[in-house]
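Take a look at the structure below.
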Amino acid sequence: MFTKHFNKLSKNDVGIAGGKGASLGEMTNAKISVPEGFVVLSSAFNGFLTENNLDKKIEKIIKEVSYEKIDQVDNASKKIRKLIYEAEFAEDIAGEIRKEFKKLDAKFVAVRSSATAEDSSSASWAGELETYLNVTSKDLIESVKKCWSSLFTPRAIFYRFEKKLQNQKVSVAVVVQKMIQSEISGICFTVHPVTKNFNQMVIEAGFGLGEAIVGGMITPDTYIIDKLKAKSMSSRNIGDQKSKVILEKNISRQSIMIVRDASGIKKKKVPRDMQNEQKLTDKQIIKLSEICFKIEKHYNKPQDIEWAFEEGKFYIVQSRPITTL
């Protein structure tokens, strides 16, 4: 078995599903609103390497790298990724992935790398590996391969040496998840990431897909929440209390957003009458803070959460521990 649905995974499955996959499984089983999906387990990647005799070749290339020399890191990355691209994808693995994709009944999915060393006490691979959005059945297997090879991008190779993981076995799983075409999206830090105030939560929000925020293309709205006050109230009955819960709102002008249309992912102008608008209403801000507080409480540690809002509903697409506190 090379795949597992989110509902068959938990936070204890980092070794087979990676940090991202294990977290999505854990949240699915905790009844958090996670878009449906499955994980291509690390055993599929390991089997792919073994069947194509790539293990020793990759190990040899990594051992010969002086990571302080950028050109050597770049060359090693190109060699390893070329080996993976050109290797044969076993039909039993590909067939199982396609079968699970069909069960999702989704035209588009997000395909995300999930390193098995991700979010461990010694290292966090967040941001080092690749994600592909709006993937169709036609591009599915190729996208899985690209995620596998992203374990060997120049950044990831450097990170391996920086964290002294070059002699450890790091594998990669791949998350395949129904694509949410977010009208609004963003990030939530359940502890203030700058002041490190554990009684405050920070929500960032922007129009369109979240890649605009992650890629630094836009300045999102920022909302600061008083967690202690938010605990004692509900978004269904906020009344005049909302001003006491939302401590601060910084509304940013947004002129472009990233969306998907028939031709794929593209930048689009935000309508002029929306450019200066607050992205989430106060009620939505408090509703989202409730969801994020529930996730923090479940894990019993501060979380860095990626969220999306589509057709009146919030979805959580990722949650990982904040590693900078």
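Cβ separations smaller than 8 Å between residues 6+ apart or across chains give the following pairs from the stretch 265-285 residues that are under 16 Å from L247 (Cα atoms) and in contact (Cβ under 8 Å) with a residue 24 or more places away in the chain to residues that are among the aliphatic types (A, V, I, L, M) and outside any loop (DSSP other than H, G, I, E, B): L280/I184; L280/I203; L280/A205; L280/L288; D282/I246; I285/I203; I285/I225; I285/I246.
Just one residue in the set A106, A30 is closer than 17 Å to M179 by Cα and either among the small types (G, A, S) or buried (at least 20 other Cβ atoms within 10 Å of the Cβ) (or both); that residue is A106. Over 23 Å from the mean Cα position of the chain (by Cα) and over 15 Å from A230 (Cβ atoms): which single residue out of N276, N300 fits that description? N276 is the lone residue from the list that is over 23 Å from the mean Cα position of the chain (by Cα) and over 15 Å from A230 (Cβ atoms). Checked against (1) farther than 29 Å from I322 by Cα; (2) in contact (Cβ under 8 Å) with a residue 40 or more places away in the chain; (3) not hydrophobic (A, V, I, L, M, F, W, C), Y67 meets all criteria but (1).
No other residue among S66, S33, S23 is hydroxyl-bearing (S, T, Y), touching a strand residue (DSSP E or B) at 6+ places or on another chain (Cβ under 8 Å), outside the structural domain of K313 (by TED's automatic domain parsing) and part of a loop (DSSP other than H, G, I, E, B) apart from S33. Name the single residue, out of those in the stretch 47-64 being buried (at least 16 other Cβ atoms within 10 Å of the Cβ) and in contact (Cβ under 8 Å) with a residue 40 or more places away in the chain, that is nearest to V111 (Cα to Cα). By that ranking, first place goes to F48. Among the residues of the stretch 173-203, those identified as crowded, with 23+ Cβ neighbours inside 10 Å, within 16 Å of R320 (Cβ to Cβ) and more than 14 Å from the chain's Cα centre (by Cα) are T190, M201.
Residues in the stretch 249-264 that are under 14 Å from L133 (Cα atoms), surrounded by fewer than 14 Cβ atoms within 10 Å (Cβ to Cβ) and touching a residue at least 24 places away in the same chain (Cβ under 8 Å): G264 alone.
Is it the case, given these coordinates, that A76 is in contact with a strand residue (DSSP E or B) (Cβ under 8 Å, 6 or more places away or on another chain) and in contact (Cβ under 8 Å) with a residue 24 or more places away in the chain? No; evaluated as a whole, the condition is false for this residue.
The values are calculated or read from the model by the stated rules, or taken from the named source; none is laboratory data. It should be emphasised that the depicted structure is a prediction, and the values quoted were computed from it without experimental measurement. Because the Cβ atoms are built from the backbone with ideal geometry, glycine has one as well, and the counts that use them run over all protein chains shown.
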